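First comes the structure, then the notes that go with it.
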Amino acid sequence: FPFKSTEKDKDPKVDAYLTKLVEKHKTTKATFSLTGHTDNVGEDANNVQLGLARAKAIAKFLTDHGIASDRIKVDSKGESQPVADNNTEDGRHQNRRVVLTTVNR
């Protein structure tokens, strides 16, 4: 995700992954957990809200493409679970993400 944005990066691989996931699970009973994350720039409370908005943006993609909203749970960890160094722009960019987990297959 770009800095302070809830619009995901334009990445054909991510779009293809999400589209394939939706096609695979339109007719299953699978549920999904979406957890939003941020870098460490800004206030903790704001980052939790931003992470939640990012998770909701991916949830909207899923619902817009055929997954029922009652099959999706959204959450945010804000800046609390970085996967990369927040001291570099590349690291901060990696930390701005949504983790999608298929809960039930």
> If you scan segment 62-76, which residues turn out to be in contact (Cβ under 8 Å) with a residue 40 or more places away in the chain and within 18 Å of residue 103 (Cα to Cα)?
Replying inline: 62, 66, 67, 71, 72, 73, 74, 75, 76
> Does at least one position in segment 82-96 carry a residue that is touching a Ser or Thr at 6+ places or on another chain (Cβ under 7 Å), free of Cβ contacts under 8 Å to residues at least 12 places away in the same chain, outside any strand (DSSP E or B) and under 16 Å from residue 6 (Cβ atoms)?
Replying inline: no
> Hey, does segment 22-34 have a residue that's small (Gly, Ala, Ser), in a loop (DSSP other than H, G, I, E, B), within 19 Å of residue 94 (Cβ to Cβ) and open to solvent by less than 40 Å² (accessible area, probe 1.4 Å)?
Replying inline: no
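Residue-by-condition table, conditions (1) under 26 Å from residue 104 (Cβ atoms); (2) under 15 Å from the mean Cα position of the chain (by Cα):
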site	(1), (2)
20	yes, no
23	yes, no
28	yes, no
33	yes, yes
42	no, no
60	yes, yes
> Looking only at segment 70-105, which residues are open to solvent by 50 Å² or more (accessible area, probe 1.4 Å), touching a Lys or Arg at 6+ places or on another chain (Cβ under 9 Å) and not β-branched (Val, Ile, Thr)?
Replying inline: 82, 85, 104, 105
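When you go through 87, 104, 40 one by one, which is the residue that is out of contact with any His (no Cβ under 9 Å at 6 or more places or on another chain) and at pLDDT below 95?
On the way: 87 fails: at pLDDT below 95; 40 fails: at pLDDT below 95.
Of the residues listed, the single one that is out of contact with any His (no Cβ under 9 Å at 6 or more places or on another chain) and at pLDDT below 95 is 104.
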> Any chance segment 45-64 includes a residue that's assigned to a loop (DSSP other than H, G, I, E, B), open to solvent by 40 Å² or more (accessible area, probe 1.4 Å) and out of contact with any Phe, Trp or Tyr (no Cβ under 6 Å at 6 or more places or on another chain)?
Replying inline: no
> Restricting attention to segment 7-17, does a residue exist that is in contact with a Lys or Arg (Cβ under 9 Å, 6 or more places away or on another chain) and open to solvent by less than 40 Å² (accessible area, probe 1.4 Å)?
Replying inline: no
> residue 76 fails exactly one of the following numbered conditions: (1) under 21 Å from residue 104 (Cβ atoms); (2) in a strand (DSSP E or B). What is the number of that condition?
Replying inline: (1)
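The values are calculated or read from the model by the stated rules, or taken from the named source; none is laboratory data. The shown structure was predicted, so the numbers you read here are calculated from the model rather than taken from an experiment. Cβ coordinates were reconstructed from backbone atoms using ideal geometry, including for glycine residues, and neighbour counts include every protein chain displayed. To get the accessible areas, we keep the full protein, side chains included, count just its heavy atoms, and leave off ligands, DNA and RNA. Shrake-Rupley method; radii C 1.70, N 1.55, O 1.52, S 1.80 Å.
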